[in-house]
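The values are calculated or read from the model by the stated rules, or taken from the named source; none is laboratory data. Source: prediction; values computed, not measured. Ideal geometry is used to build each Cβ from the backbone, glycine not excepted, and the neighbour counts take in all protein chains shown. Keep in mind that these areas ignore ligands, DNA and RNA; they rest on the heavy atoms of the full protein, side chains included. Shrake-Rupley method; radii C 1.70, N 1.55, O 1.52, S 1.80 Å.
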Amino acid sequence: MTPARIVIVDDEQPARSRLRELLGDCAGEFPHVVAGEAANGVDGLELVAQGAADLALVDIHMPGMSGIEFARHLQVLEHPPAVIFITAHDQYAVQAFEVNAVDYLLKPVRAARLLAALKKSSASARLEREVLERIDPNPRRYFSVAERGRVTLVPVTDVLFLRAELKYVTIRTREREFLIEDSLSQIEKEFAGTFVRIHRNCLVARALIRGVERGADEDGDAGWSVILQGCEEKLPVSRRQWATLKELLKP
């Protein structure tokens, strides 16, 4: 049996050390190697990219990026590692995991429970985005893009606009463009307070709207275009979305 490559992601050093000890106790029945440790989700994603991990042990509550968001970003990889979530006793979280049949460990973690979860993980199905959303419906702090076998994170606050094009959505920041496979409708729902729809195929950052100017609509008729801070491109507003945008622009 090829030893499983495991990464540990937890913001508390004592918790990471404890997991290493417990993994050592399980080595006889579950051959593995600890490929590395990370104190936050961003570093954890980099660790996974570097080491082709088979399994991630991930704390739920971490500053900057929750364990659930970390797992969501992993799913853009072609072969994401299995994930076992770790949480302090939180009845709501426990119920959410059980209802959605997602494996988790309660702190303090026990060796027997960890071993059972490790054995089960080898047959775990890929985590579905909808399942992770039900467990934690809070908006992500980042969009994730799969590039050359690793996850590139795009902070939501860096995004000027998003535009649907064929089967992908293009994210535009000041520096460059990225392609993601999320649907525009799903993004609009998740980030209702951050982006506003100005066209059937376009969402723009609410905080960056600086006004509108006369332009042409999708049919070439006279219409309006949005002016965004930091964006030279003028984005047309559809007639259907004009009333919503006009209301947003009221002082």
Q: Calculate, for Asn201 and Gln13, the FRET efficiency according to 1/(1 + (r/R0)^6) with r their C-beta to C-beta distance and R0 51 Å; round to the nearest 0.05.
A: 0.65
Q | Heavy-atom surface of the range 6-64, accessible at 1.4 Å and reported per residue (Å²) | A | 41
Q | Out-of-range pairs (alpha-carbon distance over 28 Å; input Lys167/Lys246; Lys189/Lys246; Lys119/Lys189; Lys167/Lys189) | A | Lys167/Lys246; Lys119/Lys189
Q. What does the accessible area of Val7 come to, in Å² to the nearest 10, when a probe of 1.4 Å is used?
A. 0
Q) Once amide H atoms are placed 1.01 Å from N in the peptide plane, what residues at a sequence separation of 5 or more from Gly223, or on another chain, have their amide H within under 5 Å of its amide H? A) Gly215, Ala216, Asp217
**Q.** Gaussian network model of the chain, springs between alpha carbon atoms under 10 Å - residue of Gly28, Gly193, Gly41 with greatest fluctuation
**A.** Gly28
Q | R0 of 30 Å, Cβ-Cβ distance Thr170-Lys120: FRET efficiency to nearest 0.05 | A | 0.20
Q: Take Leu118, Leu47 and sort them by solvent-accessible surface of the protein heavy atoms, 1.4 Å probe, largest at the top.
A: Leu47, Leu118
Q | Net lengthening on full extension, Thr194/Arg240 (0.36 nm per residue, minus Cα-Cα) | A | 14.6 nm
Q.
Can you compute the FRET efficiency between Gln75 and Glu21 using 1/(1 + (r/R0)^6), with r the Cβ-Cβ distance and R0 = 30 Å? Round to the nearest 0.05.
A. 0.50
Q. Does the range 157-205 classify as rounded, prolate or oblate by the C-alpha gyration tensor (a ≥ b ≥ c root eigenvalues; a/c under 1.5 gives rounded; else a/b over b/c gives prolate, otherwise oblate)?
A. oblate
Q.
Please compute the length gained on full extension between Leu248 and Val99, using 0.36 nm multiplied by the number of residues separating them and subtracting their Cα-Cα distance.
A. 49.7 nm
Q.
If I ignore ligands, DNA and RNA and count only protein heavy atoms, how much of Cys231 is accessible to a 1.4 Å probe, in Å² to the nearest 10?
A. 20
Q.
Need the full-extension length gain, Val33 to Arg148, defined as separation in residues times 0.36 nm minus the C-alpha distance. One decimal, nm.
A. 39.0 nm
Q) Whose amide H sits under 5 Å from the amide H of Lys107, counting only residues 5 or more places off or on another chain, with H placed in the peptide plane? A) Thr87, Ala88, His89
(Q) Taking Kirkwood radius over Cα pairs in Å straight from the coordinates, which label in (1) 17.8; (2) 20.0; (3) 19.6 is the correct one? (A) (2)
**Q.** Alpha-carbon centroid distance for the pair the range 32-52 / the range 182-205, whole angstrom
**A.** 32
Q) Carbon-plus-sulfur fraction of the accessible area of the chain, 1.4 Å probe, in percent? A) 50
Q: Would you work out if the range 48-110 is rounded, prolate or oblate? Take a ≥ b ≥ c from the square roots of the eigenvalues of the alpha-carbon gyration tensor; rounded if a/c is under 1.5, else prolate when a/b is larger than b/c, oblate otherwise.
A: prolate
